[in-house]
Amino acid sequence: MSDGRIVLRKWRETDVECIRLASTDPRIPRFSTVPAECTLAEGIAFIHRQWTRATNGEGVSQAIVERDRDRAVGLIWVAMRRQQYVGGLGYWIVPPARGQGTATAAVRLVLPWAMDALNLRRLEALVEPDNVASQRVLSAVGFEHEGRLRNRDTLVFASYH
């Protein structure tokens with residue numbers, strides 16, 4: 001999938017620098033499986049785990065890539081929930097690549113694909129209340145703020161098909 005500026009594609013072992021950069025933001029390892037201390041071996045292992053997510057039914061994880069430089073700058077992940085026709089959305093952008101609309105472009109690309117290819121009727125994203133940038137991304141692509149999970153202090157956003 002591409003919008004001409006970014007591409008969503010399968011992770012490559014050569015994308016390991018993206019994982020290393022992601023590990024430098026304490027929020028990313030806290031809310032994902034990115035290793036907090038990213039060695040080359042741990043970065044490669046993370047990429048290999050992304051490859052298995054589709055085959056084991058967890059969902060689809062793709063690299064967000066700057067098309068012109070073929071450089072991975074983030075991750076977008078559509079998880080399959082236990083509820084039928086419901087998926088979860090997760091994404092992150094490495095600190096040096098933020099503020100350029102990349103996350104918004106990636107979510108905009110993956111949303112129609114996820115709904116159609118994965119036969120979803122609802123795609124939901126959970127966001128920390130102080131993560132205003134992520135809330136803006138979701139609002140910009142039409143997700144609705146539905147409420148707060150008090151037991152996790154997390155905001156719920158959803159998009160429907």
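The values are calculated or read from the model by the stated rules, or taken from the named source; none is laboratory data. Predicted model only: the values in this text are computed from it and were never measured. Cβ sites come from the backbone with ideal geometry, for glycine too, and all protein chains shown count toward neighbours. Side chains included, ligands, DNA and RNA excluded: accessible areas come from the protein's heavy atoms. Shrake-Rupley method; radii C 1.70, N 1.55, O 1.52, S 1.80 Å.
Just a few scattered comments:
- Some residue of region 77-92 being touching a strand residue (DSSP E or B) at 6+ places or on another chain (Cβ under 8 Å), more than 21 Å from Gln50 (Cα to Cα) and touching a residue at least 40 places away in the same chain (Cβ under 8 Å): no
- The set of residues from region 79-94 being among the β-branched types (Val, Ile, Thr) and closer than 15 Å to Val156 by Cα comprises just one member, Val86.
- Leading residue by the ranking (most open to solvent (accessible area, probe 1.4 Å)) among those in region 115-140 that are of a type in the set (D, E, K, R) and in a helix (DSSP H, G or I): Arg136
- Members of region 21-73 found to be under 13 Å from the mean Cα position of the chain (by Cα), open to solvent by 30 Å² or more (accessible area, probe 1.4 Å) and among the hydrophobic types (A, V, I, L, M, F, W, C), listed by number: Phe31, Val60
- Scanning region 93-114 for residues that are surrounded by 23 or more Cβ atoms within 10 Å (Cβ to Cβ) and in contact (Cβ under 8 Å) with a residue 60 or more places away in the chain gives Val94, Ala106, Val110.
- Check on Trp11, touching a residue at least 24 places away in the same chain (Cβ under 8 Å), open to solvent by 40 Å² or more (accessible area, probe 1.4 Å) and either touching a Phe, Trp or Tyr at 6+ places or on another chain (Cβ under 8 Å) or part of a loop (DSSP other than H, G, I, E, B) (or both): no
- Residues satisfying the stated conditions in region 49-58, i.e. out of contact with any Phe, Trp or Tyr (no Cβ under 6 Å at 6 or more places or on another chain) and in contact (Cβ under 8 Å) with a residue 12 or more places away in the chain: Arg49, Trp51, Arg53, Gly57, Glu58
- The residues on offer are Gly147, Gly101, and the sole one that is modelled with pLDDT under 95 and at positive phi is Gly147.
- Residues of region 141-161 classified as within 24 Å of Trp113 (Cβ to Cβ), open to solvent by 60 Å² or more (accessible area, probe 1.4 Å) and part of a strand (DSSP E or B), total: 4
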